[in-house]
Structures are given as structure tokens and as C-alpha cells.
């Protein structure tokens, strides 16, 4: 008997309203060896293998995808804290084999516990054991795709012995969470307090069905008793990681500041050296100009002294010339005086002779 869970208040989309992009390859029989070699790691299509036929995994609509992403973070935080197992995703497949049928399924999420008898090796591209938990995010593109998760995989996972199987769907039914009974039959996990699903295969792992749609933040879950046990350490680890990253960033910023300061100091030192060299060059140029000016001044002083000597010599020559001229003038004056005296004497002689002649003439007149 199924146990009814609260139905989220979303409008459920009609089936077959969106075209599927799956390739019609089911009519061709593909061997298991061909599947592993050609189709398992196909980068463009995500195929599962169902006893000789390829089945391309469907695509979930947005709200279911959001529920899946929230559940993925919840589950990976649980595994990080408990260190109890590994999360299988990224299109990793595992083989389900019976005497009458073999399939290869790629659950959207899978958990392999450390206690699982088959070890999932680091180098494995698939898992050779049976998952402890499988989770499928329902795709409602076609009725056949819906039945693959709700009917086909439901039967396969139960028959192969997957202890728990969860189907996520944002619009309620057929979302369900199953636990395998000792008789090998899946029964819905009875919710606690009408909404709380508690895992048996993952001790302590629990979640509210309503939170798949509400999707509370890690900070909110760390304050919630339902999630605190595995969200608070994860949040603290994340916080410590952020703080460490911030410290490293601050240290890196400090290093960058120191490097920048060192570069600025070096640039300042180089600039100072350049300015000192320029100043030294200017000073050397000024000293050269000063030496040239001093030499010019010395030359000018020497020329001035030579000019002064020439001027002194000229002055001396002028004085000598003046003295000669004075002497000549004095001699000329003396000569003039002599001549004047001689002229006076001559005039006096002439006058005396004239007087003598007049006297002689007067005597002559008297005699006659």
C-alpha cells in the first residue's frame, strides 16, 4: 500500500507536450560490447543499454532540475561530513545482470558506501557493483520515458538489490522514495511528521519533501535540526574555506601591495638615480660653463691687463709726447723770445742807424 506524501502546489505539465530529442535507435539491436565501445561515453547523447537496445536518457524540466540540484548539494554535504561513501554521477553507469536480462543504467545520482563489498576504484569509468542508493530526476517528455523511471528501473533496481531508490519530480506524484524490504520489494519510506524522509542505508541522512521545492539555503539548514548534523560542519568547513581563501587573498593582496610598494620604491630609486644623474650632468655642465666663464673672464682680465698696459704705454707715450711738445713749445717760446729780442735789437739797431743817418743827413744839410 502506497503512502501518500504532501503534493507541492505546482501546476503539473501535460505529458507529450514537449518534443523529445532522443534518437530513434531502439529498433537496432546493439551488443553490450558495442555499447561499451561506441555509446557509453558518447559526448552528444547519454545512452543507457536495455538488453540489446539503446535508451537515451530524458531531460527534466526546470523545477525538477532545481530540486535535483538542491538534493545533490544536500547529499554531497552529507557524504563529505560522514565520509561514509562516494557520490556517483557524471553519467557513470553500473551493470545489472540476471539470467534472462542484462541492462546498464546511469542513475542521475548514485551512492556507493565504503561498506559496499565492491570497491569503486579511482580509475574506473563505470561501477562493477550494485549502488546502495539510486536517484532519478524524472523526465516527463513522454509516457515511455516516465515509465522507464517509475516502472522499468523500479523493478530492475529492486530485483538487483539497490537498497533505496528515490524518484524526484517537482509536481508531486510519481515522486516517491523507496526502501527495499528483506523480501526484495520496494515500499515507500514512511514519512516522519508527515513530511520527513529518513534514510536507512545512509544513517542520519534525512530531508523534508517540501524542502525539495522550497530549497532552503545552507545557512538556513545549518540552523535546522533536520539538517544541522551534516550541514553545519559542511557550512563551517565552507566558512573556514572562505575565511582561509579570504586570508590567502588578503595575504596575496598584501604581497601585491608589498610588491607594488617595492616596485614604486624601485621606480622612485631609479627615478632618483635618473634625476641624480641628470643633476650631476647639469652640475657638470654648469661647472664646465663656470670653468669656461672663468677662463673667459681670465682671458678678458688678461686682455684688460694687456689693454691697460697698452693704454698705460700710450698714456706714457702721450705724456712723453706732451712733454716733448711742451719742451718744443718752451724751446719755441725761447726761440721766439730770442727772435723777438733779436728783432728788438735789430729794430733798435735800425732805429739807431736811422737816427745816425738822420743826424748825418742833418749835418750834411747843415753843411750845405
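Peptides 85-93, 316-324 ranked from most to least packed, by the mean per-residue count of other Cβ atoms within 10 Å: 85-93, 316-324.
Rank these for me by crowding, 154, 354, 230, going from fewest to most other beta carbons within 10 Å. Let's see the in-between values first.
Values: 154 19, 354 12, 230 22.
With the fewest neighbours first, 154, 354, 230 line up as 354, 154, 230.
A Gaussian network model of the chain, with springs between Cα atoms under 10 Å, assigns the largest mean-square fluctuation among 281, 315, 48 to 315. The candidate values are (i) 63.6, 220; (ii) 22.0, 71; (iii) 19.3, 61; the one derived from this structure for Rg and Dmax of the Cα atoms in Å carries the label (i).
Considering only alpha-carbon pairs that sit under 8 angstrom and 6 or more positions apart, the relative contact order computed for the range 30-128 is 23 percent.
Note on the chain: GNM, Cα springs under 10 Å; of 255, 350, 30, the largest mean-square fluctuation is that of 350. When 249, 54 are sorted by how many other C-beta atoms sit within 10 angstrom of their C-beta, beginning with the fewest, the order is 249, 54. The range 244-309 and the range 352-368 have Cα centres lying 116 Å from one another.
Per residue, the average separation of C-alpha pairs within less than 8 Å and at least 6 apart gives the chain a relative contact order of 13 percent.
Can you say what percent of the DSSP beta bridges in the chain, counting only those with both residues inside, are antiparallel? Round to 5.
Looking only at bridges with both residues in the chain, the antiparallel portion is about 80 percent.
Using a Gaussian network model of the chain in which every pair of alpha carbons under 10 angstrom is joined by a spring, one finds that among 140, 124, 195 the greatest mean-square fluctuation is at 124.
Once the chain from residue 69 to residue 185 is taken as fully extended at 0.36 nm per residue, the excess over their C-alpha distance is 38.9 nm.
In the range 132-179, what % of DSSP beta bridges are antiparallel (nearest 5)? Restricted to the range 132-179, the bridges split so that about 45 percent are antiparallel. Using C-alpha pairs under 8 Å with a sequence gap of at least 6, the mean separation divided by the residue count of the range 32-215 gives a relative contact order of 18 percent.
Evaluated at q = 0.12, 0.16 Å⁻¹, the base-10 log of the normalised Debye intensity for the range 32-215, with identical point scatterers placed on the Cα atoms, takes the values -0.55, -1.03.
Remark: 198, 134 ranked as 198, 134, counting other beta-carbon atoms within 10 Å and listing the fewest first. For the range 32-215, DSSP calls about 80 percent of its internal beta bridges antiparallel.
Read-outs: derived from the displayed coordinates by stated rules, not from any lab. Not measured: the values here are computed from a predicted model. Don't worry about glycine lacking a Cβ; one is built from the backbone with ideal geometry, like all the others, and counts go over all protein chains shown.
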